[in-house]
Amino acid sequence: MSTRRLRSKHLLDIESLTKEEIELILDTAVPFKDLFTKSVKKVSFLRGKTIVNIFYEPSTRTRTSFEIAEKRLSADVVNITVSESSVKKGESLLDTIRTLQAMKADIMVMRHSCPGACHLLASRLNASFINAGDGPHAHPTQALLDIFTIREKLGRVKGINVALIGDITFSRVARSNIWGLKKLGANVRVIGPATLIPKDIEKMGVKVYHNLEKGLEGIDVINILRIQRERQQQMLFPTIREYNRLFGIDETTLRRTDVLVMHPGPMNRGIEISDYIADSPQAVICQQVTNGVAVRMAVLYLIAGEGDLNEIND
Ligand code: CP
């Protein structure tokens, strides 16, 4: 197995990665996923490394998935609950992270509401930083696990027609997916109301549809995004009921059963996705979550791991 590594010791966004680096992460995640079928799901590639997970925004999937990935790699893991930390006493972001670095943390996995927060810290401090989502800007590991899932299910990414549906404006998942999918040669379109699609999104090489039926024509994969009401300053469509009627995915709007259905979670059932579609065999939402652990193990290994991947099969 290759001993290639990423050029940077950080993972801040997808645009900074080359096509080859994205493929390296996806390829490296494959043996890590194989590990999950074994009775002992643990390897020692990060033994002796200390990782701090600090989430300034809520998370179920990303935070837990990183923690499981880190523990399966034998790292020492610390989770900071921001609501119980000195952040509540007014400590600045930079001072908080500097304090954690002073305890010799090797890697910080951080989610923050401010776009660029992780980039700022990476430029000022010595630890490796992994962006676990910064406001509406980037969520690189989500995009990598989404692309891994597409490649696993369809056998390739190049030439696949992928639609991102819903709240594109406030979606870091959409932005990171577009960067990654385009780099790997997929055809990407976005579907949603004009108020939820940035005006210059076409510059990223995507097609825009405001009509769901037209947008779904010829599609291979749909990635349904959550309406992020917590980021919207004002209601950007008349009512939730209206949004569901025009852009909700259910058995009447998606009649083809060969389309791969993805959702990064958390889902708003009954708004952007129906129970029927969310629980249908064509939905790979739980498989995305499983793949998230493998992809995050690959990222951590490629950033700071020691040892040969062949050890997994020894
Ligand atoms: N997809 C995702 O980022 O989910 P969480 O907010 O639960 O981490």
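Within the set of other residues whose C-beta is less than 14 Å from the C-beta of residue 32, count the net charge using Lys and Arg as +1 and Asp and Glu as -1. Computed value for this residue: +1. Taken as Cα centroids, the range 250-314 and the range 1-73 sit 15 Å apart, rounded to the nearest whole angstrom.
Peptide packing: for 48-55, 219-226, the average count of neighbouring Cβ atoms within 10 Å per residue gives the ranking 219-226, 48-55, highest mean first.
How would you classify the range 181-281 from its alpha-carbon gyration tensor, with a ≥ b ≥ c the square roots of the eigenvalues: rounded for a/c under 1.5, else prolate if a/b is greater than b/c, otherwise oblate? Before the final figure, lay out the partial values.
Details: a/c = 1.57, a/b = 1.02, b/c = 1.55.
The shape class here is oblate.
Shape of the range 160-216 from the C-alpha gyration tensor: oblate (a/c of 1.5 or more and a/b not above b/c, with a ≥ b ≥ c the square roots of its eigenvalues).
Specify whether the C-alpha gyration tensor of the range 120-233 places it in the rounded, prolate or oblate class, a ≥ b ≥ c being the square roots of the eigenvalues: rounded for a/c under 1.5, otherwise prolate if a/b is larger than b/c and oblate if not. It is oblate, given that a/c is not under 1.5 and a/b is not larger than b/c. Accessible surface of residue 257, taken over heavy atoms with a 1.4 Å probe and every protein chain present, rounds to 110 Å².
Sorted from longest to shortest, the spans of the Cα atoms of the range 1-61 along the three principal axes equal 36, 33, 24 Å.
When each of the peptides 174-182, 139-147 is scored by how many other beta carbons lie within 10 Å of its residues on average, the order from highest to lowest is 139-147, 174-182. Just the number, please: percent antiparallel of the DSSP beta bridges in the chain, rounded to the nearest 5. If we restrict to bridges inside the chain, about 5 percent are antiparallel. Heavy-atom accessible surface of residue 71, to the nearest 10 Å², is about 100 Å², with a 1.4 Å probe and all protein chains retained.
Which whole-number value in Å² is the accessible area per residue of the range 140-288, probe 1.4 Å?
Ligands and nucleic acids excluded, the figure is 45 Å² per residue.
If you roll a 1.4 Å probe over the range 140-288 with all protein chains in place, what percent of the accessible area is carbon or sulfur?
50
Note on the chain: Kirkwood hydrodynamic radius from all Cα pairs is 20.0 Å, rounded to one decimal. The figure for residue 173 is an accessible area of roughly 20 square angstrom, using a 1.4 Å probe on the protein chains alone.
Placing unit charges on the Cβ atoms only, positive for Lys and Arg and negative for Asp and Glu, gives the chain a dipole magnitude near 340 debye about its Cα centre. Among the listed pairs 19/41; 158/207; 158/182; 9/158; 9/49, those with a Cα-Cα distance over 18 Å are 19/41; 9/158. In this entry, the range 1-106 is assigned a mean projected area of 8.4 nm², taken as a quarter of its C-alpha convex hull surface. Applying a length cut-off of 27 Å (Cα extent along the axis) and a mean Kyte-Doolittle floor of 0.5 to the DSSP H helices of the chain leaves 285-304.
The values are calculated or read from the model by the stated rules, or taken from the named source; none is laboratory data. What you are looking at is a predicted structure, and each value in this text was computed from that prediction instead of being measured. When we count neighbours, we look across all protein chains shown, and the Cβ atoms used for this are built from the backbone with ideal geometry, even at glycine. When the accessible area is computed, the model is the full protein with side chains, heavy atoms only, and any ligands, DNA or RNA have been set aside. Shrake-Rupley method; radii C 1.70, N 1.55, O 1.52, S 1.80 Å.
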